[in-house]
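*Asks:* A single structure is presented below for examination.
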Amino acid sequence: MAITESADQRLLEINELQTHFFTDDGVLPAVDGVSFHIDRGETLCVVGESGCGKSVTAHSIMQLVPTPPGRYVSGSINFEGRNLLELTREEMRQVRGREIAMVFQEPMTSLNPVHTVGRQIAEAVRLHRSESKKEALVMAEEALRLVKVPDPHRRVHEFPHQLSGGMRQRAMIAMALSCRPKLLIADEPTTALDVTVQAQILELIRSLKAEVGMAVMLITHDLGVVAEMAQRVVVMYGGKVAEQGTVGEVFAEPLHPYTRGLLSCIPRLDQERGELQIISGQVPSPLRFPTGCRFHPRCPEAMDICREEPPPATSKDGRYVACWLYDAGQGGGK
Amino acid sequence: MMAASAVEGVAAVEQGTAAGSEYLLRIDNLVKYFPVRAGALGRAVNYVRAVDGVSLGVKSGQTLGLVGESGCGKTTLARVVLCLLQADSGSVVFDGQDIVRAAPDDLRRLRRQMQIIFQDPFSSLNPRMKVGSIISEPLKIHTKLSRPERLARAAESLEVVGLGPRDLDRYPHEFSGGQRQRIGIARALVLRPKLILCDEPVSALDVSIQSQILNLLRQLQQDFGLTYIFIAHGLNVIKHVSDRVAVMYLGKIVEEAPADNVFRTPMHPYTQALMAAIPVPNPAARRIGVTLEGDVPSPLNPPPGCRFHTRCAQVMPVCSVEEPVSCEVSPGHRVACHLFGDAAR
């Protein structure tokens, strides 16, 4: 739980990352100065709404952003001391899948419909290890067993359409874990699934994490999932980090007005029916981010300065928040 | 066995009427199968039992939440109720008239009274039509109003959902997801219906926009006395909007009760498992209860007896043989499970 400063603990460190898209309609600053880190073996949840830059951040780590139109404008992504943005294509290919693996939201579209599940997992294995096809297929079966797919011996020869949504997502996780990565990035892995299956998949990720000893970066918009899975939380809004802290801190005492709004606007089970609190206005499009603090048009506590200047990153009692509310009093450091 | 549960269902509905409360909608032993065709002649070789003997009642001005995993038949049930699908047997009595057996002319008149709000605000609005035409199209079909009159009504409807008359001349792509959902709601409202089916109306929206739409739907219900059938996979959303909740599993209602009962004291093992699976937005809370193993069995060959027995933690020998009969465990709280059936008999 404790955030230790020792460099050894740091698995991934993102510094002032800017990933922009250069389109005919103008520049989209999808990720605009994002910094956070992930320690070994920890679960970090990245929360935010559509267009906040959470997926682009994940794709930047994997360098899956299409360039052009995208471009890593500045910043660094240090993974075990190496800046991923400076690696060659071949070096990056070695990192992808073996060191860092990724699971996507749509288990239907991220599996190839014309190949068997086993063959697809075996392909991932064979890309990184010199196994024979036969051995790789055995490993694929083993991987399916690890993610608790019933009857893996049969399933390995089946096609994606023969599996249920939950089972496909398990197969995706099996593929991601086949090379024992140090970091698993899961981009909304349960959004397309039923609650019961979601509970199974989350439980699976949790137990595998302990078993394999990997770190997990979980991208979600569901604060329930965050509370259940995360040790630390990064809240993103408009391509920037609004707030980050341990899950206990962020839920007990959210600092940023956006985090507070998010937490109070979801209907809760332990709440009586009635008017829900809302965050007014619309989620801004990256093409037309507001000036100053990007949340100010929707912020109930907006001040004059919020409209003009973007808030500096402030650390308050060891927590990170980017909001003018905390700058004046604390004399916050940049 | 099925007949027995149906009879009880009717009895429950009758009781409700006797108590002086008014049912806008009564569904009785509704069945909808989809044939699976094979071979050169396209003969039906099997049936998907999407809705298999469902009895429910919805009171005027209330919200019925429909809950269940994907493939349990909740959307099919809703579409049969709206006559978007033809029922195989059973009856749907809306406002005193059986719509399953209604003549086409009567049906058209009844349809005015029921509208639907779809899940995806991006695919449910025609991108080539202006908002004004989208919203006034139902008026074109169901009324004899002139175009200016229709547009005036559309503008009214837009204002009710928080948009303005100036938006009439814009196209759907100019709006955000939340605004589009408002347009979808305006279209549903323009005929002043009594019943609105909300099929996952907020699940495609951002978290901060969801609460805006939920508040709007609530406001509209109060202002226009609307009755909702609400389908959502977010159980917290269902809890928030519903007066009563019906839990479906493989084409059957396993539990039906006031919303508070379903969430506080779920009785059916399936409902309990469903509730236990909800992630709670509180890091201190621990998951309690069992999580379900495996997936929903195929509705092509539902398990015999109680359909849930293959995944049930409290399964008994009788469960795989005999189908449980729905019985009332406390006033207004009905459960179809052998755990309670014996005690009631």
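*Asks:* Give me a count of the residues in the stretch A:155-185 that are away from every other protein chain (no Cβ under 14 Å), surrounded by 20 or more Cβ atoms within 10 Å (Cβ to Cβ) and farther than 15 Å from A:ARG98 by Cα.
*Replies:* 2
*Asks:* Out of contact with any Gly (no Cβ under 9 Å at 6 or more places or on another chain), modelled with pLDDT under 85 and acidic (Asp, Glu): is that true of A:ASP304 in this structure?
*Replies:* When the stated conditions are applied, A:ASP304 does not pass them.
*Asks:* Condition test on B:ILE209, is it assigned to a helix (DSSP H, G or I), modelled with pLDDT under 90 and in contact with a helix residue (DSSP H, G or I) (Cβ under 6 Å, 6 or more places away or on another chain)?
*Replies:* yes
*Asks:* Please go through the stretch B:23-47 and give me each residue that is surrounded by 12 or more Cβ atoms within 10 Å (Cβ to Cβ) and not in a strand (DSSP E or B), ordered by number.
*Replies:* The answer is none; no residue qualifies.
*Asks:* Still on this structure, I have one more. Checking A:PRO181 against (1) within 16 Å of the chain's Cα centre (by Cα); (2) assigned to a loop (DSSP other than H, G, I, E, B); (3) free of Cβ contacts under 8 Å to residues at least 40 places away in the same chain, which single condition isn't satisfied?
*Replies:* (3)
*Asks:* I'm checking my understanding of the structure. Among residues of the stretch A:227-284 that are away from chain B (no Cβ under 11 Å) and of a type in the set (A, V, I, L, M), which one is farthest from the chain's Cα centre (by Cα)?
*Replies:* A:LEU255
*Asks:* Restricting attention to the stretch B:185-206, and to residues there that are among the charged types (D, E, K, R) and not in a helix (DSSP H, G or I), which single residue is farthest from the other protein chains (Cβ to nearest Cβ)? It would help to see each step written out before you state the result.
*Replies:* Pass one, the stretch B:185-206, residues among the charged types (D, E, K, R): B:187, B:192, B:194, B:199-200, B:206.
Next cut, not in a helix (DSSP H, G or I) only: B:192, B:194, B:199-200, B:206.
Details: B:ARG192: 24, B:LYS194: 21, B:ASP199: 16, B:GLU200: 12, B:ASP206: 4 Å.
Per the stated criteria, the residue is B:ARG192.
*Asks:* For the stretch B:241-249, does any single residue satisfy the condition of being closer than 23 Å to A:SER280 by Cα and within 12 Å of another protein chain (Cβ to nearest Cβ)?
*Replies:* Yes, that holds for at least one residue.
*Asks:* Can you pull out the residues in the stretch B:271-284 that are facing chain A (nearest Cβ under 9 Å) and out of contact with any Leu (no Cβ under 8 Å at 6 or more places or on another chain)?
*Replies:* B:ALA276, B:ASN282, B:PRO283, B:ALA284
*Asks:* Among the residues of the stretch B:58-71, which ones are at pLDDT below 90 and over 15 Å from B:TYR33 (Cβ atoms)?
*Replies:* B:GLY68, B:GLU69, B:SER70
*Asks:* Take A:THR259 and decide whether it is within 29 Å of B:LEU216 (Cβ to Cβ), polar (S, T, N, Q), out of contact with any His (no Cβ under 9 Å at 6 or more places or on another chain) and buried (at least 19 other Cβ atoms within 10 Å of the Cβ). Outline the logic, then answer.
*Replies:* Details: within 29 Å of B:LEU216 (Cβ to Cβ): yes; polar (S, T, N, Q): yes; out of contact with any His (no Cβ under 9 Å at 6 or more places or on another chain): yes; buried (at least 19 other Cβ atoms within 10 Å of the Cβ): yes.
Judged against the criteria, A:THR259 is a match.
*Asks:* Follow-up. Does A:THR196 qualify as being without any contact (Cβ under 8 Å) to a residue 12 or more places away in the chain and within 11 Å of chain B (Cβ to nearest Cβ)?
*Replies:* Against the criterion (without any contact (Cβ under 8 Å) to a residue 12 or more places away in the chain and within 11 Å of chain B (Cβ to nearest Cβ)), A:THR196 qualifies.
For every residue, the table says whether it meets (1) surrounded by fewer than 22 Cβ atoms within 10 Å (Cβ to Cβ); (2) in contact with a helix residue (DSSP H, G or I) (Cβ under 8 Å, 6 or more places away or on another chain); (3) not acidic (Asp, Glu).
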| position | (1), (2), (3) |
| --- | --- |
| A:VAL46 | no, yes, yes |
| A:GLY53 | no, yes, yes |
| A:THR57 | no, no, yes |
| A:PRO69 | yes, no, yes |
| A:TYR72 | yes, yes, yes |
| A:ASN83 | yes, no, yes |
| A:ARG96 | yes, yes, yes |
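*Asks:* Go through the residues of the stretch B:252-263 one by one and say whether even a single one is within 24 Å of B:LEU56 (Cα to Cα), under 15 Å from the mean Cα position of the chain (by Cα) and among the aromatic types (Phe, Trp, Tyr).
*Replies:* The answer is no, given that none of the residues of the stretch B:252-263 is within 24 Å of B:LEU56 (Cα to Cα), under 15 Å from the mean Cα position of the chain (by Cα) and among the aromatic types (Phe, Trp, Tyr).
Matching residues to (1) more than 27 Å from the chain's Cα centre (by Cα); (2) within 10 Å of chain A (Cβ to nearest Cβ); (3) modelled with pLDDT of 85 or more:
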{"site": "B:THR291", "(1), (2), (3)": "no, yes, no"}
{"site": "B:GLY305", "(1), (2), (3)": "no, no, yes"}
{"site": "B:THR310", "(1), (2), (3)": "no, no, yes"}
{"site": "B:PRO317", "(1), (2), (3)": "yes, no, yes"}
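*Asks:* Still on this structure, please answer the following. Only one residue in A:GLU123, A:GLU158 is farther than 20 Å from A:VAL212 by Cα, of a type outside the set (S, T, N, Q) and not in a helix (DSSP H, G or I). Which one?
*Replies:* On inspection, the qualifying residue turns out to be A:GLU158.
*Asks:* Name the residue, out of B:SER176, B:SER136, B:SER146, B:SER123, that is of a type in the set (Gly, Ala, Ser), at pLDDT below 90 and farther than 24 Å from B:VAL81 by Cβ.
*Replies:* Answer to the check: B:SER176.
*Asks:* Let me ask another. In the stretch A:121-154, which residues are touching a residue at least 24 places away in the same chain (Cβ under 8 Å), surrounded by fewer than 16 Cβ atoms within 10 Å (Cβ to Cβ) and either within 14 Å of chain B (Cβ to nearest Cβ) or out of contact with any Gly (no Cβ under 7 Å at 6 or more places or on another chain) (or both)? Please lay out each step first, then the result.
*Replies:* Going through the stretch A:121-154, the residues touching a residue at least 24 places away in the same chain (Cβ under 8 Å) turn out to be A:121, A:124-125, A:127-129, A:139-140, A:143-144, A:146-149.
Checking which are surrounded by fewer than 16 Cβ atoms within 10 Å (Cβ to Cβ) leaves us with A:127, A:129.
Answer for the stretch A:121-154, where residues must be touching a residue at least 24 places away in the same chain (Cβ under 8 Å), surrounded by fewer than 16 Cβ atoms within 10 Å (Cβ to Cβ) and either within 14 Å of chain B (Cβ to nearest Cβ) or out of contact with any Gly (no Cβ under 7 Å at 6 or more places or on another chain) (or both): just A:ARG129.
*Asks:* Suppose the filter is in contact (Cβ under 8 Å) with a residue 60 or more places away in the chain, within 9 Å of another protein chain (Cβ to nearest Cβ) and outside any loop (DSSP other than H, G, I, E, B); does B:LEU220 pass it?
*Replies:* For B:LEU220, the condition - in contact (Cβ under 8 Å) with a residue 60 or more places away in the chain, within 9 Å of another protein chain (Cβ to nearest Cβ) and outside any loop (DSSP other than H, G, I, E, B) - is not met.
*Asks:* Mind listing whichever residues of the stretch A:73-94 are part of a strand (DSSP E or B) and charged (D, E, K, R)?
*Replies:* Pass one, the stretch A:73-94, residues part of a strand (DSSP E or B): A:73-79, A:82-83.
Result: A:ARG82, single match.
*Asks:* Name the pairs whose Cβ atoms lie under 7 Å apart, with the first residue in the stretch A:43-68 and closer than 14 Å to A:MET217 by Cα, the second of a type in the set (S, T, N, Q) and assigned to a strand (DSSP E or B), and 6 or more positions between them or separate chains?
*Replies:* Sorted first by the residue in the stretch A:43-68, then by its partner, the pairs are A:CYS45/A:THR220; A:VAL47/A:THR220; A:VAL56/A:THR19; A:SER60/A:THR19.
*Asks:* Continuing with this model, one more query. Looking at the stretch B:227-240 only, could you name the residues that are more than 11 Å from chain A (Cβ to nearest Cβ) and touching a Gly at 6+ places or on another chain (Cβ under 7 Å)?
*Replies:* Result: B:THR227, B:PHE230.
*Asks:* Across the stretch B:156-177, which residue is nearest to the other protein chains (Cβ to nearest Cβ) among those that are among the hydrophobic types (A, V, I, L, M, F, W, C), under 16 Å from B:ALA188 (Cα atoms) and not in a helix (DSSP H, G or I)?
*Replies:* Across the stretch B:156-177, the extreme among qualifying residues is B:LEU163.
The values are calculated or read from the model by the stated rules, or taken from the named source; none is laboratory data. It should be emphasised that the depicted structure is a prediction, and the values quoted were computed from it without experimental measurement. Here the Cβ is made from the backbone with ideal geometry for all residues, glycine too, and neighbour counts use every protein chain on show.
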